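Taking it in order: structure first as structure tokens, then the write-up.
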Amino acid sequence: MCPGLNDVIRSLFLELHYAYGVKEVLGFRGGYQGLDPVRGAEPIVLTPQFVDGIHKEGGTVLGTSRGPVDIAVAVENLIRREVNILFTVGGDGTQRGANEIFQEARRRGHALSVVGIPKTIDNDVAFVSRTFGYLTAVEESCRVIGSAHTEVHSVRNGIAVVKLMGRLAGFIAAGATVASQDVNFTLIPEVPFALDGPNGFLAALKRRILARAHAVIVVAEGAGQEHLAASAEERDASGNVKLKDIGLFLRDRIEAYFRDEGVPAVMRYLDPSYLIRGRPADAEDSILCDLFARNAAHAAMAGKTGLVIGLLHDRYIHVPIELLAGQRKRLDPSSGWWHAVLASTGQPAQFV
């Protein structure tokens, strides 16, 4: 789920319907499951009335799901319905599936234009400088961080742990840290950290509490997995490695550490992930959704296929699906992104 999905659906339909005069646009429900006539519900015929106002709602009116679909069954369904254009809105897993559908349709000789629109709230899609939903997530995260800051200021030795989204990339955590200016420690997947020892995170947190009597910690969900014995063998329905809960782990370790050190502390723990995911897109993300959707419609109506709409240097580009699906964007610890975080928090570059 991601803020802006309904904006994309609406803008795609309006461009196809009004600009190109497309007579019928189907909305397949429940993600790729909707392409399987046995597992999925009947698709919705989109109309101006159906899409009216959907951009004001969070979530997606078409629903979503995790997990693959039988590609042969999906393509057969598209052929039977005489579908000539398929838009796929999603991250690398979704676009890998789109590539398989594109290849299968080509093998069968079915003229199917497959055009992907990159979607991930984590902002970690390659060849895309910013994905829709990211700035909405940063804005909503700042609200939570502000509340956490108020909480820890209200008690002696208050410590707040705020867990934000970011399985493999720390862009939301970094963006919210810099935007809020209320965070004292930020932990992201790209920068491993030691917990113990004189230069470890816990010792640094203790020094902060003894000096200032409060601290706000932001941790991305994929950070610190090396401390949790996460197994690469455990995967969800989409094939992603199942992460252990770093937020709860940190909360418990911090409480135990301060108890053992004889320093009284008051813990607050906040995990707003699902609240943020379900929000409608803010104005800037809504504009981005519209531009992604319209560029996708233009590409498809021009006969292009097997591509994802990218965004680099303020230019919308066509990226081959197989190229995008094989890469992932991550935050570079030597970049200005991370140095801005370090300047904002005052934390060391690494906890070792």
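The values are calculated or read from the model by the stated rules, or taken from the named source; none is laboratory data. What you are looking at is a predicted structure, and each value in this text was computed from that prediction instead of being measured. Cβ: placed from backbone, ideal geometry, glycine included. Neighbour counts: every protein chain shown. Surface areas here come from the heavy atoms of the whole protein model, side chains and all, with no ligands, DNA or RNA. Shrake-Rupley method; radii C 1.70, N 1.55, O 1.52, S 1.80 Å.
So the values come out like this:
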| read-out | value |
| --- | --- |
| Between segment 3-70 and segment 278-327, the Cα center-to-center distance that results, in Å | 16 |
| Relative contact order (percent, whole number), the chain, Cα cutoff 8 Å, 6+ residue spacing | 24 |
| Accessible area per residue in Å² at 1.4 Å probe, computed on the chain | 44 |
| Long-range amide H partners of Val266 with built H, under 5 Å | Gly158, Ile159 |
| Alpha-carbon gyration tensor eigenvalues x 5, square-rooted, for segment 1-149, Å | 29, 18, 14 |
| Contact order normalised by residue count of segment 1-146, Cα under 8 Å, 6+ apart, percent | 22 |
| Heavy atoms of Cys2 accessible to a 1.4 Å probe, total area in Å² rounded to 10 | 0 |
| Proportion of all alpha-carbon pairs of segment 1-52 beyond 17 Å (%) | 41 |
| Estimated vicinal HN-Hα couplings, Hz - segment 74-88 in sequence order (Karplus 6.51, -1.76, 1.60; Gly, Pro = x) | 4, 5, 4, 5, 5, 5, 4, 8, 6, 7, 10, 9, 10, 9, 10 |
| Share antiparallel - DSSP beta bridges, the chain, percent rounded to 5 | 25 |
| Packing rank of 168-176, 100-108, where each peptide gets the mean count of other beta carbons within 10 Å, highest leading | 168-176, 100-108 |
| Translational diffusion coefficient (Stokes-Einstein; Kirkwood radius from C-alpha pairs) of the chain at 37 °C, 0.692 mPa s, in µm²/s | 152 |
| Within the accessible area of the chain (1.4 Å probe), percent carbon and sulfur | 51 |
| For Ile85, residues with placed amide H under 5 Å, excluding near neighbours | Ser113 |
| Rg(Cα)/(2.2 N^0.38 Å) for segment 102-194, N = residue count | 1.55 |
| Segment 94-188, relative contact order [Cα under 8 Å, separation at least 6], % | 23 |
| Residues Ala111 and His339, FRET efficiency given R0 of 51 Å [Cβ-Cβ distance, rounded to 0.05] | 0.55 |
| Computed [θ] at 222 nm, deg cm²/dmol, the chain (DSSP H ≥ 4; -39,500 (n - 2.57); rounded to nearest 500) | -12000 deg cm²/dmol |
| Calculated from backbone phi, Karplus (6.51, -1.76, 1.60) coupling profile of segment 124-131 in Hz, x at Gly/Pro | 10, 8, 5, 6, 10, 5, 8, 8 |
| Entries in Lys242/Lys304; Lys119/Lys304; Lys163/Lys206; Lys56/Lys304; Lys206/Lys329 that, when Cα-Cα distance is taken, lie over 28 Å | Lys242/Lys304; Lys56/Lys304; Lys206/Lys329 |
| Helix axis angle, 336-345 relative to the chain longest principal axis, alpha carbon, degrees | 40 |
| Highest average packing first - 49-56, 252-259, Cβ atoms within 10 Å | 252-259, 49-56 |
| Per-selection Rg to Rh, segment 272-350 - Cα, Kirkwood hydrodynamic radius | 1.09 |
| Calculated from backbone phi, Karplus (6.51, -1.76, 1.60) coupling profile of segment 246-255 in Hz, x at Gly/Pro | 5, x, 5, 4, 4, 4, 5, 5, 5, 4 |
| Rg and Dmax of segment 199-352, Cα atoms only, in Å | 21.2, 69 |
| Selection from Ala300, Thr64, Tyr134, by position along the positive dipole direction of the chain (Cβ) | Tyr134 |
| Amide H partners (placed H, <5 Å) of Leu307, local residues excluded | Val114, Gly116, Ile321 |
